[in-house]
Amino acid sequence: MPTPKRGEVWIADLGMAAKVRPCLILSTLLDPVDRVLTTMVPLTTAIHGTRFEIAVAAPFIRAGVFDAQQLITIPQVKLIRRLGLLPPDQLALVEDGVRQWLGL
């Protein structure tokens with residue numbers, strides 16, 4: 001499996017309750033001594049209108065929002081396939097939403 005990179009969108013198996021869905025990778029590249037985990041923001045179509053929901057447009061994902069309140073960390077083996085790379089300006093919007101949510 002290719003190594004997931006920050007800014008890429010992957011299909012990930014988030015378990016029975018959360019389903020299989022596109023997720024934006026936020027983690028940095030791993031070193032050999034690191035645990036093989038990936039932190040992501042899932043794409044959702046269940047939009048609630050919060051300030052932490054970031055709408056982006058990319059040809060490889062359907063309409064929805066990345067919800068900064070749903071940060072998740074999963075083992076990389078749960079990643080199924082790479083969909084594409086989010087443009088830097090749109091990645092920055094999601095990063096800003098995560099910073100706001102975490103108070104960073």
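The values are calculated or read from the model by the stated rules, or taken from the named source; none is laboratory data. Nothing here was measured: the structure is a model prediction, and the numbers come from that model. Cβ sites come from the backbone with ideal geometry, for glycine too, and all protein chains shown count toward neighbours.
Taking the residues in region 10-51 that are of a type in the set (Gly, Ala, Ser) and modelled with pLDDT of 85 or more as candidates, determine which candidate is nearest to residue 82 (Cα to Cα).
Once the filter is applied, the top-ranked residue is 12.
One residue stands out in region 52-68 among those that are touching a helix residue (DSSP H, G or I) at 6+ places or on another chain (Cβ under 8 Å) and closer than 18 Å to residue 6 by Cα: the one that is modelled with the lowest pLDDT, namely 57.
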